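Visitor: I have a structure I would like to understand better, so I am pasting it below and will then ask my questions one at a time.
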Amino acid sequence: MEILMKIKGLVVDPISRMPIVVLEDPLSDRILPIWIGVFEANAIALSLEGVPTPRPMTHDLMKNFLEQLQISVERIVVNDVRDNTFYAIIHCRHNDIPYLIDSRPSDAIALALRLNAPIYVDEEVIRKAHSLKSEESLENSEKLKQWLESLKPEDLGKYKM
């Protein structure tokens, strides 16, 4: 089953200093943190904050191509997690023909924001992500779960590069 998620915000892992996009199920308390790259975080932040760029960024270029070719993005789905790596599918349609495009979640999310497409996460991914074995890194620890759950809206303000 796919669960509609919203972006709760972008934060920086205090240990690894890597950006995290935090997805939230608005109907429950479930959250899904996904570690992403700095450039992808910047692309997501620009879109979330409505910051215009003087020239099209990569995800804006993708959006322009899709619109010019009349390809709609119906939704994106974070559909798997393997070896601590998340996977996503972009569900597109062209001339009533559906297409599934493999993607990194960060790119799919950045594109979804630009196209106002909904973001879904497979329920199995949430289950797997929450049952990942704890390692020494903050990424998979109970400490992280507590930290993410304790975040307040003001903690999820503008993403600082």
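So that you can scan it fast, the table gives a plain yes or no per residue for (1) more than 21 Å from Met57 (Cα to Cα); (2) modelled with pLDDT of 95 or more; (3) surrounded by 22 or more Cβ atoms within 10 Å (Cβ to Cβ); (4) hydrophobic (A, V, I, L, M, F, W, C):
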| residue | (1), (2), (3), (4) |
| --- | --- |
| Gln70 | no, yes, no, no |
| Asp83 | yes, no, no, no |
| Tyr87 | yes, yes, no, no |
| Arg93 | yes, yes, no, no |
| Ala108 | no, yes, yes, yes |
| Asn116 | no, yes, no, no |
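Visitor: So, Glu40, is that one among the acidic types (Asp, Glu), in a helix (DSSP H, G or I) and free of Cβ contacts under 8 Å to residues at least 40 places away in the same chain or not? Full working, then the answer.
Guide: Numbers: among the acidic types (Asp, Glu): yes; in a helix (DSSP H, G or I): yes; free of Cβ contacts under 8 Å to residues at least 40 places away in the same chain: no.
It is false that Glu40 is among the acidic types (Asp, Glu), in a helix (DSSP H, G or I) and free of Cβ contacts under 8 Å to residues at least 40 places away in the same chain.
Visitor: Could you figure out which of (1) surrounded by 13 or more Cβ atoms within 10 Å (Cβ to Cβ); (2) at pLDDT below 95; (3) farther than 19 Å from Lys6 by Cα isn't true of Ile101?
Guide: Only one criterion in (1) surrounded by 13 or more Cβ atoms within 10 Å (Cβ to Cβ); (2) at pLDDT below 95; (3) farther than 19 Å from Lys6 by Cα is unmet by Ile101, namely (2).
Visitor: Let me ask something else about it. For the condition of a type in the set (D, E, K, R) and on the phi > 0 side of the Ramachandran plot, what is the one hit in Arg17, Arg55, Arg82?
Guide: Arg17 is the lone residue from the list that is of a type in the set (D, E, K, R) and on the phi > 0 side of the Ramachandran plot.
Visitor: Can you tell me which of Lys63, Lys128 is in contact with a strand residue (DSSP E or B) (Cβ under 8 Å, 6 or more places away or on another chain) and charged (D, E, K, R)?
Guide: On the way: Lys63 fails: in contact with a strand residue (DSSP E or B) (Cβ under 8 Å, 6 or more places away or on another chain).
It is Lys128.
Visitor: How many residues are part of a strand (DSSP E or B) and either of a type in the set (S, T, N, Q) or under 11 Å from the mean Cα position of the chain (by Cα) (or both) if we restrict to region 6-18? Spell out the reasoning first.
Guide: Quick first cut of region 6-18, residues part of a strand (DSSP E or B) only: 6-12.
Narrowing the set further to residues that are either of a type in the set (S, T, N, Q) or under 11 Å from the mean Cα position of the chain (by Cα) (or both) leaves 6-10.
Residues that pass the stated criteria total 5.
Visitor: Yes or no: region 26-37 includes at least one residue that is touching a residue at least 40 places away in the same chain (Cβ under 8 Å), farther than 24 Å from Ile3 by Cβ and surrounded by 11 or more Cβ atoms within 10 Å (Cβ to Cβ).
Guide: Yes; the residues of region 26-37 include at least one that is touching a residue at least 40 places away in the same chain (Cβ under 8 Å), farther than 24 Å from Ile3 by Cβ and surrounded by 11 or more Cβ atoms within 10 Å (Cβ to Cβ).
The values are calculated or read from the model by the stated rules, or taken from the named source; none is laboratory data. This is a predicted model, so every value here is computed, not measured. All Cβ positions, even for glycine, are placed from backbone atoms using ideal geometry, and neighbour counts span all protein chains on display.
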